[in-house]
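Trainee: Pasting a structure here, questions to come.
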Amino acid sequence: MLSAIVEQISNNGYGIFKGFYDISTIEKFSELCEKHSINRPFTKANGRKIMVKSAKNLVAKTRDFDDFFADSRLIAILESILSPAGHWGIKISDTGIKNVVAGLRAPLMHRDDDLYPQLARGTPFTVNSLLAIDAFSEEVGATKVVPGSHNWDRPVDPSEKAVSVLLDPGDLLVMDGRLWHQAGVNTRCDKVRRAVNVYFCAGWCQPGHGTHCGMTEGAFSQLPSKIKKFL
């Protein structure tokens, strides 16, 4: 299974691990998403602001998601994509809860590696992962990707044709940091599209939230080893 996912990512820029977690585990994650999400301002399609429950930098605020962030299957995939990882290792760059609700303006097509001032070649600087808490469909704003774009050495073109990634709750989407992608638009007022997001970078890169993801030295020193080694 893991080698097949890595091959998907190498060929297309993204891969899907079906049933990464079972439904009972996802139900627990759903409760944790409600627990840790807070209202944040986002822009609607008409330009007005809307309050949406989401979360940023989870790893610095709670230990509730550590089992996912350090899951051996996830780490094996990331290390394969960010290889060679033996010397520098890999780091957690960002973690959060994504929540696409009706009326939310779709973000621009982008690639995550553009956090850095030059385009990676051969091996990406980052790998992004989304664990589906709710079903991903076109009508609820499934993530859209441009297959193969991780191999393109040119600026992102928002007019390029993208495809929606359809996921069931518990599925895991993993994306090469050079892949062109964006969240879709949710057209269903009665449904949300939540995902737990964990974003890793090569060990020699500066993480998005800075050293130890912004944690104090005291807080960092108290972390369990399974997550500490990625910060």
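Trainee: For a quick check of your reading of the model, give me the residue pairs whose first member lies in the stretch 72-83 and is over 15 Å from Lys229 (Cβ atoms), whose second is of a type in the set (Ser, Thr, Tyr) and open to solvent by 40 Å² or more (accessible area, probe 1.4 Å), with beta-carbon atoms closer than 8 Å and at least 6 apart or on different chains.
Mentor: As it stands, the answer is Ile81/Ser10; Ile81/Thr123; Ser83/Thr123, since those pairs meet every condition given.
Trainee: Return yes when Lys161 is assigned to a helix (DSSP H, G or I) and within 29 Å of Ala4 (Cα to Cα) and no when it is not.
Mentor: Taking the combined requirement at face value, the residue does not satisfy it.
Trainee: Any idea how many residues of the stretch 167-190 are part of a loop (DSSP other than H, G, I, E, B), modelled with pLDDT of 95 or more and charged (D, E, K, R)?
Mentor: Residues flagged as part of a loop (DSSP other than H, G, I, E, B), modelled with pLDDT of 95 or more and charged (D, E, K, R) within the stretch 167-190 amount to 3.
Trainee: Sticking with this structure for a sec: Please pick out the residue among Ala55, Ala60 that is among the small types (Gly, Ala, Ser), surrounded by fewer than 20 Cβ atoms within 10 Å (Cβ to Cβ), in contact with a strand residue (DSSP E or B) (Cβ under 9 Å, 6 or more places away or on another chain) and touching a residue at least 12 places away in the same chain (Cβ under 8 Å).
Mentor: Being among the small types (Gly, Ala, Ser), surrounded by fewer than 20 Cβ atoms within 10 Å (Cβ to Cβ), in contact with a strand residue (DSSP E or B) (Cβ under 9 Å, 6 or more places away or on another chain) and touching a residue at least 12 places away in the same chain (Cβ under 8 Å) holds for just one of Ala55, Ala60, which is Ala60.
Trainee: Can you pull out every residue in the stretch 113-127 that is over 10 Å from Cys201 (Cβ atoms) and either in a strand (DSSP E or B) or open to solvent by 10 Å² or more (accessible area, probe 1.4 Å) (or both)?
Mentor: Asp114, Pro117, Gln118, Leu119, Arg121, Gly122, Thr123
Matching residues to (1) in contact with a Leu (Cβ under 8 Å, 6 or more places away or on another chain); (2) closer than 22 Å to Val156 by Cα; (3) acidic (Asp, Glu):
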{"residue": "Thr95", "(1), (2), (3)": "yes, no, no"}
{"residue": "Lys98", "(1), (2), (3)": "yes, no, no"}
{"residue": "Met109", "(1), (2), (3)": "no, yes, no"}
{"residue": "Tyr116", "(1), (2), (3)": "no, yes, no"}
{"residue": "Ala120", "(1), (2), (3)": "no, yes, no"}
{"residue": "Thr123", "(1), (2), (3)": "yes, yes, no"}
{"residue": "Ser129", "(1), (2), (3)": "yes, yes, no"}
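Trainee: Within the stretch 30-52, restricting attention to residues that are among the basic types (Lys, Arg) and open to solvent by 90 Å² or more (accessible area, probe 1.4 Å), which residue is farthest from the chain's Cα centre (by Cα)? First the steps, then the outcome.
Mentor: Step one: filter the stretch 30-52 for residues among the basic types (Lys, Arg), giving 35, 40, 44, 48-49.
Retained after the next criterion (residues that are open to solvent by 90 Å² or more (accessible area, probe 1.4 Å)): 35, 48-49.
Numbers: Lys35: 19, Arg48: 26, Lys49: 24 Å.
Out of the qualifying residues, it is Arg48.
The values are calculated or read from the model by the stated rules, or taken from the named source; none is laboratory data. Owing to the predicted nature of the structure, the values given are computational and were not obtained by experimental measurement. So basically every Cβ, Gly included, is an ideal-geometry build from the backbone, and we count neighbours across all protein chains shown. Side chains are part of the model used for accessible areas, which takes the heavy atoms of the whole protein and leaves out ligands, DNA and RNA. Shrake-Rupley method; radii C 1.70, N 1.55, O 1.52, S 1.80 Å.
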